[in-house]
Amino acid sequence: MSAEALQTATAKLRDAGVRMTPQRHAILSYLLETMSHPTVDEIYKSLEGKFPNMSVATVYNNLRVFKDIGLVRELTYGDASSRYDANMSEHYHAVCISCGKVKDFHYPPLHGVEKEASINTGFEVASHRLEVYGLCETCRVRQ
């Protein structure tokens, strides 16, 4: 995690009138450091040793605040648990169909798809999301 990314995120929180608590700082730092697209439970379990009084609800509520401010995006893949991504740059995801691991990959933005969707549907397209599905290296080796 770059110190610059944390400073930018902290400034966005401050500009939105959100106070930086130790738990909020820890959750945000964890999200900026990890590339694993963690679930609420994974974030909670990784931080509970440092913050024994923190609850799953605290993590969830802070993620909602971060999402509302535009610091993280919530990724849903049809299972019960959302995953969270603090990488707000344009990128796409590869999802393992066996273990659920999510990895970023970069490809030129598909703005042409948004334009075509708008023309074909009449929608004012705000954004798009692309995932590819398959087996990660670890699961491929296991099979």
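None of the figures in this text is laboratory data; all of them are computed from the coordinates on show. Model, not experiment: these values are computed from the prediction. Cβ sites come from the backbone with ideal geometry, for glycine too, and all protein chains shown count toward neighbours.
Here is how the numbers come out for the structure above:
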{"read-out": "Most mobile of 107, 77, 30 in a GNM of the chain (Cα contacts under 10 Å)", "value": "107"}
{"read-out": "Rough spin-label spacing in nm, given labels placed 7 Å along Cα→Cβ, for residue 34 and residue 128", "value": "3.0 nm"}
{"read-out": "Backbone HN-Hα couplings from phi across segment 134-143 [Karplus 6.51/-1.76/1.60, Hz, Gly and Pro as x]", "value": "x, 9, 5, 4, 4, 5, 5, 5, 4, 8"}
{"read-out": "Highest average packing first - 119-128, 132-141, Cβ atoms within 10 Å", "value": "132-141, 119-128"}
{"read-out": "Segment 83-92 - phi-based ³J(HN,Hα) in whole Hz, Karplus 6.51/-1.76/1.60, Gly and Pro as x", "value": "10, 10, 10, 8, 7, 8, 6, 6, 7, 10"}
{"read-out": "Label-point gap, in nm, between residue 61 and residue 104 - each point 7 angstrom along Cα→Cβ", "value": "2.9 nm"}
{"read-out": "For segment 1-67 and segment 84-143, distance of Cα centres in Å", "value": "24 Å"}
{"read-out": "Anisotropy class of segment 3-85 from Cα gyration tensor, a/c 1.5 cut", "value": "oblate"}
{"read-out": "Full-extension gain in nm, residue 117 to residue 142, via 0.36 nm per residue minus C-alpha separation", "value": "5.0 nm"}
{"read-out": "Among beta bridges that DSSP assigns inside the chain, antiparallel share in %, nearest 5", "value": "65 percent"}
{"read-out": "Among (i) 101; (ii) 151; (iii) 232, the entry derived from the coordinates for volume of the Cα convex hull per residue in Å³", "value": "(ii)"}
